[in-house]
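J.: Got a structure here, written out as C-alpha cells. Questions coming.
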Amino acid sequence: MKKLYLIVALAGGMLTGCTNKQATDNDMKQQLELTQEWDKVFPLSEKVNHRKVTFETQYGLTLAADLYLPTKGADKLPAIAVSGPFGAVKEQASGLYAMKMAERGFVALAFDPSYTGESSGEPRRTASPDINTEDFMAAVDFLSKQDYVDAERIGIIGICGWGGIALNAAAADTRIKATVASTMYDMTRISGNDYNDAFDDEQWRHRNRENLSKQRLTDPQAMAGGVIDSVPPQAPNFVHDYYDYYKTPRGYHQRSGNSNDGWRVVGTQAYANSRFLYYINEIRSAVLIMHGADAHSRYFGEAAYHYMVDGKAEGYKFTGEPNPNPENKELLIIPNATHCDLYDGGYEEKAGKGQPKNLIPWDKLAEFFAHNL
C-alpha cells in the first residue's frame, strides 16, 4: 500500500510539474538592468552584429550575455559559448574571443557567470564547480534554441580558470562538440594545493579549512583576491602580468572582480575541496588546449592534456583509462606568450601600448571549430 501511495504521489507531482511548466519557466526569469552602451575594453568590429541577451540556468539564475553574429552567413550557423577568465566579465577577454569568432562566421555568446558582472545571484562574486559548469551548459541550452543556430554544431571556449570549467562541461554535456581551453587554470587544483602544488599538504589544507570555516561566522561577505593596486618590483612576473591587464586601460573594467576587490572569501570554498577534471579522459568530442610557452600556468594545461589523453599525468593522484578518442585532442603551445598575452594577444609595451603582439591564433581556433563542428 505504501508503494501505491508513493507511485500516486510521484504521478501527481509529475502532472503538476507538466501543468505548471510555463509558470515555472516564467518564475525563473529575472529582469536584469543591462548596460546598453558599448563599454568593452576592445572596439566593436564592423564585421559583426551585436546585442545583449539573457538566459536562465537550471539553478534559477539569469545570466547576462553579449551575442555576436556574423554580418553574413547561412540560415543555420555553428555557435560557440565563451566565458572567463575567472574573476573577469564579458566586457574583457571573453567578449573579444566571441567577437573574433563571429568575424570568422560563428554565432558567439560571451556571458557573465552566475553571481558575476551583470548576471543575477546574491551574494555577489560567489562560485562553485557545479554552478559554473551549469553556466556553460545553460549557454548551450540558449544557443540550441535559436533558429539561426545549428544545434548539432555547438562548441565552447573557456579562458583561464574557465578553461578548466570548460573541460568539466565538455565531460558532462555531449551536446558540446568542440572545446578550447585557453591559458587554463584548474581552479580546484590551485585552490587545494596552491601554485605548483607547493602546499599539497594535509596540514596546510586543514589550516585553510579552519580559516574559511571561521570566516563564515565572522564576516561571510568579506571580499579578497582582486589584483593589487601597486605591484612591488620584486613580485613574480605573473603578478605584474595580471596588473598590466586588469589594472590599466588595457583591460580594466568596473564590474570585474579581478580589476577591483576580488571574490567573496568564502565564495569559492567549494573549489578547494573538489577535483573536477576526474572524467576528462572520457571526453569523446574534440578538445584544443592552448597555452603560452612563458605562462606561469602552463603546467595546468599540459597536465590536463596528458591526463585527458593518457588517463594519468604529473600532479594527478588518480589514474584512469586512456581516452577512447585521442585523435581529436590537441595541445598547442604559443611561443613567447605569457598567461595574459592569451587574454588579448599581448602588446609590446605596458598598459596595452605599442604594437600588438597578436599572439592569439584566431584563424587556428576558427579552423579547429570549423573542422570539429
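J.: Within segment 68-86, count every residue that is in contact (Cβ under 8 Å) with a residue 12 or more places away in the chain and of a type in the set (K, R).
T.: 1
J.: Which residue pairs have Cβ atoms under 7 Å apart, sit 6 or more places apart or on different chains, and have a first residue in segment 31-43 that is touching a residue at least 60 places away in the same chain (Cβ under 8 Å) and a second that is among the polar types (S, T, N, Q) and surrounded by 14 or more Cβ atoms within 10 Å (Cβ to Cβ)?
T.: L32/T54; L32/T62; L32/S120; V41/Q92
J.: Follow-up question, since we're still on this one. Mind checking which residues of segment 300-323 are in a loop (DSSP other than H, G, I, E, B), more than 12 Å from D186 (Cβ to Cβ) and not small (G, A, S)?
T.: Within segment 300-323, K312, E314, K317, F318, T319, E321, P322, N323 qualify.
J.: Find the residue count for segment 252-274, including only residues that are open to solvent by 10 Å² or more (accessible area, probe 1.4 Å), among the small types (G, A, S) and in contact with a Lys or Arg (Cβ under 7 Å, 6 or more places away or on another chain).
T.: Number of matching residues: 0.
J.: Consider segment 60-111. How many of its residues are buried (at least 24 other Cβ atoms within 10 Å of the Cβ), assigned to a loop (DSSP other than H, G, I, E, B) and β-branched (V, I, T)?
T.: Residues in segment 60-111 being buried (at least 24 other Cβ atoms within 10 Å of the Cβ), assigned to a loop (DSSP other than H, G, I, E, B) and β-branched (V, I, T): 1 in total.
J.: What's the number of the condition I228 fails, among (1) in contact (Cβ under 8 Å) with a residue 24 or more places away in the chain; (2) farther than 27 Å from L67 by Cα?
T.: Condition not satisfied by I228: (1).
J.: Considering only residues of segment 275-295 that are among the charged types (D, E, K, R) and either over 20 Å from V227 (Cβ atoms) or in a helix (DSSP H, G or I) (or both), which is most open to solvent (accessible area, probe 1.4 Å)?
T.: R284
J.: Also: Just checking, which of A366, A351 is over 22 Å from D197 (Cβ atoms), in contact with a Ser or Thr (Cβ under 6 Å, 6 or more places away or on another chain) and among the hydrophobic types (A, V, I, L, M, F, W, C)?
T.: The conditions single out A351.
J.: In the list E327, E321, which residue meets the criterion of being in contact (Cβ under 8 Å) with a residue 12 or more places away in the chain and surrounded by fewer than 17 Cβ atoms within 10 Å (Cβ to Cβ)?
T.: None of the others qualify; the one that does is E321.
J.: Can I ask one more? Checking D241 against (1) open to solvent by 50 Å² or more (accessible area, probe 1.4 Å); (2) in contact with a helix residue (DSSP H, G or I) (Cβ under 9 Å, 6 or more places away or on another chain); (3) acidic (D, E); (4) closer than 16 Å to G87 by Cα, only one condition comes out false. Which one?
T.: Every condition holds for D241 apart from (1).
J.: Here's something else I'd like to know. Out of (1) open to solvent by 40 Å² or more (accessible area, probe 1.4 Å); (2) under 24 Å from A169 (Cβ atoms); (3) in contact (Cβ under 8 Å) with a residue 60 or more places away in the chain, what's the single condition that is false for R298?
T.: So R298 meets the others, but not (3).
J.: Quick check on my filter: what residues within segment 193-223 are open to solvent by less than 30 Å² (accessible area, probe 1.4 Å) and either of a type in the set (A, V, I, L, M, F, W, C) or more than 30 Å from N328 (Cβ to Cβ) (or both)?
T.: L212, A222
J.: Being over 24 Å from the mean Cα position of the chain (by Cα), under 30 Å from Y278 (Cβ atoms) and at pLDDT 95 or above: is that true of P356 here?
T.: Answer is no for this residue.
J.: Please pick out the residue among D229, D241 that is under 27 Å from F111 (Cα atoms), among the acidic types (D, E) and assigned to a loop (DSSP other than H, G, I, E, B).
T.: Only one candidate passes the filter, namely D229.
J.: Right, here's the next one. For the list (1) under 30 Å from V41 (Cβ atoms); (2) open to solvent by 30 Å² or more (accessible area, probe 1.4 Å); (3) in contact (Cβ under 8 Å) with a residue 40 or more places away in the chain, I need the number of the one condition that D341 fails.
T.: (2)
J.: Pull out all pairs, ordered by first then second residue, where Cβ-Cβ is under 6 Å, the residues are six or more apart or on different chains, the first lies in segment 157-180 and is buried (at least 23 other Cβ atoms within 10 Å of the Cβ) and part of a helix (DSSP H, G or I), and the second is among the acidic types (D, E) and modelled with pLDDT of 95 or more.
T.: Once the first residue is buried (at least 23 other Cβ atoms within 10 Å of the Cβ) and part of a helix (DSSP H, G or I) and sits in segment 157-180, its partners that are among the acidic types (D, E) and modelled with pLDDT of 95 or more give G164/D186.
J.: Going by the structure shown, is V287 under 25 Å from K177 (Cα atoms) and without any contact (Cβ under 8 Å) to a residue 40 or more places away in the chain?
T.: no
The values are calculated or read from the model by the stated rules, or taken from the named source; none is laboratory data. Everything numeric in this text was worked out from a predicted model, so none of it was measured. Using ideal geometry, Cβ is built from the backbone for each residue, glycine included, and neighbour counts are taken over all protein chains shown. Ligands, DNA and RNA are excluded from the accessible area calculation, which covers all protein heavy atoms including side chains. Shrake-Rupley method; radii C 1.70, N 1.55, O 1.52, S 1.80 Å.
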